[in-house]
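Below: one structure, written as structure tokens.
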Amino acid sequence: MKIAYDLHIHSALSPCGDNDMTPNNIVNMAYLKGLNVIAITDHNSMLNVIPAIEVANMRGILVVPGIEVTTREEVHVLCYFSTIEDGMSFQDLIYDSLPNILNKEEIFGEQLLFDNEDNIVGKIDKMLLSSSKYSIGEIFNLVKIYNGVLVPAHIDKSSFSILSTLGFIPSNIDIKTIEIFDLNRLGDMTKALQQEKYRIIKNSDAHYLASINEADYYMDLDTLTAKSIVDYLKGGL
Amino acid sequence: MKLSSIADKLNLEIVTGPELEEKEVEGVYIGDLLSIVMSKAQQNFLWITIQTHINIVAVATLVDLAGIIIVEGMDIEKDAVEKAREVGIPLFKSKLSAYDIACKLKEIGI
């Protein structure tokens, strides 16, 4: 079964996310674009995932519990979970490990929490763009404990990517899937990447509604569940 | 010491320098991990880094730094320069290393 996906979308909880990025707007845009599965991956928080799951249930779209963690080395990694319970336990650890630096809304933007009717039900004061206290290796192990999978984000970008920050993909963590922002840049990265080793996914990293993926990228799956997506990302080639 | 005087003495390339005359530098911080800079650097410090993306401007604004010196002749991304101009964070460039710039700052009494 061909599954159209976009597993990297920011809601208005991410300071850089547009305030139009509400659960209903995101899910309905994904619906219009013909996507089967999405993930709301805010920076160091999963607090808008549950309302998104509730909205998506009505549209027949799957939301995989996800989060974009900033490691201690300032590498952005996407973490996905089979169940919302595992995801929320993991997100609590990450959130608690962020330093107590207050967000400055006028510079970074608001960090909004929604319910499933797009009502603003709260704001997060702690700045979510800080890095967690865990190294990439520690995050990899934590994700494993919660039965999830770690995918390095936009490895071709010049900031906050595993290649720009560390210079290579460490061999002590068993990464099977990587995310790339611009598929045209793959060719330039052959050396750093040994890309034949990895499954490659292409997400939007959308901060605005219009940027969400069209139904152009597919996964081939037998069943459509969060677990089957996580297993696919764990599986590699 | 005034920022303009430092720029002059260290022969820094001014990328964008609004309010250069008024800024008084009270210390220096060197670092490339934004989260560390955010928690350790202090108001009116001059920040030396090799990072060049827009988030350095956000960090500098958050901490209220006097300015940023980008070393090793790194090319600064266009949106970072635009943002720095917009929010009034002076940006400088130097071909020297962070160590060499730090030594020179020490020599002139910072």
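Okay, here's what the table says:
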| read-out | value |
| --- | --- |
| Proximal charge balance of residue B:109 [Cβ under 13 Å; K/R count +1, D/E count -1] | +2 |
| Label zone at residue A:174 (point 7 Å along Cα-to-Cβ), backbone N below 15 Å, region A:122-150 | A:140-150 |
| Virtual spin-label span in nm between residue A:231 and residue A:54, 7 Å along Cα→Cβ | 3.0 |
| Within chain A, longest stretch free of exposed chymotrypsin sites (Phe, Trp or Tyr not before Pro) [DSSP loop, at most 15 other beta carbons within 10 Å] | A:1-167 |
| Share of pairwise Cα separations in region A:1-52, more than 18 Å, in percent | 25 |
| Karplus 3J(HN,Hα) series, Hz, for region A:54-61 with 6.51 cos²θ - 1.76 cosθ + 1.60 (x for Gly, Pro) | 4, 5, 5, 4, 6, 9, x, 10 |
| Residues of type lysines that residue A:133 reaches as a straight line, Cα spacing below 26 Å, ignoring anything fewer than 8 places off in the same chain | A:104, A:123, A:144, A:157, A:176, A:234, B:40 |
| Rounded, prolate or oblate (a/c below 1.5 giving rounded, otherwise prolate when a/b exceeds b/c) for region A:111-194 by Cα gyration tensor | prolate |
| Derived scalar couplings ³J(HN,Hα) [region B:85-102; Karplus, 6.51 cos²θ - 1.76 cosθ + 1.60; whole Hz; x for Gly, Pro] | 5, 5, 9, x, 9, x, 10, 10, 10, 8, 7, 6, 7, 4, 5, 5, 5, 4 |
| Region A:133-163 residues near the modelled residue A:182 label - backbone nitrogen below 13 Å, point 7 Å along Cα→Cβ | A:155-159 |
| Value of [θ]222 nm, deg cm²/dmol, for the protein assembly as shown, DSSP H segments ≥ 4, -39500 (n - 2.57) each, nearest 500 | -8500 deg cm²/dmol |
| Extreme residue, positive dipole direction of region A:1-96, given options A:76, A:16, A:50 (C-beta unit charges) | A:50 |
| Sparsely packed GluC sites (Glu not before Pro) within region A:77-138, loop by DSSP, other Cβ within 10 Å at most 13 | A:117 |
| Global form of region A:148-237, assessed from the alpha-carbon gyration tensor, a/c cut-off 1.5 | oblate |
| Under-5 Å amide H pairs with residue A:103, H placed in peptide plane, nonlocal only | A:126, A:127 |
| Tail beyond 22 Å, pair distance distribution of chain A (Cα, percent) | 48 |
| Along principal axes, Cα extents of region A:43-175, largest first, whole Å | 44, 36, 26 |
| Modelled FRET efficiency - R0 30 Å, residue B:64 with residue B:97, Cβ distances, 0.05 increments | 0.70 |
| Tensor-based shape of chain B (alpha-carbon gyration tensor, a/c under 1.5 rounded, otherwise prolate or oblate) | rounded |
| Average other protein chain Cβ within 10 Å of Cβ, residues A:136-143 | 0 |
| Residues whose placed amide H lies under 5 Å from that of residue B:48, excluding near-sequence neighbours | B:29, B:30, B:31, B:69 |
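Values in this text are rule-based calculations from the coordinates and carry no lab data. Worth saying up front: this structure is predicted, and the values here are computed from it rather than measured. Quick reminder, even Gly has a Cβ in these numbers, built from the backbone with ideal geometry, and neighbours come from all protein chains shown.
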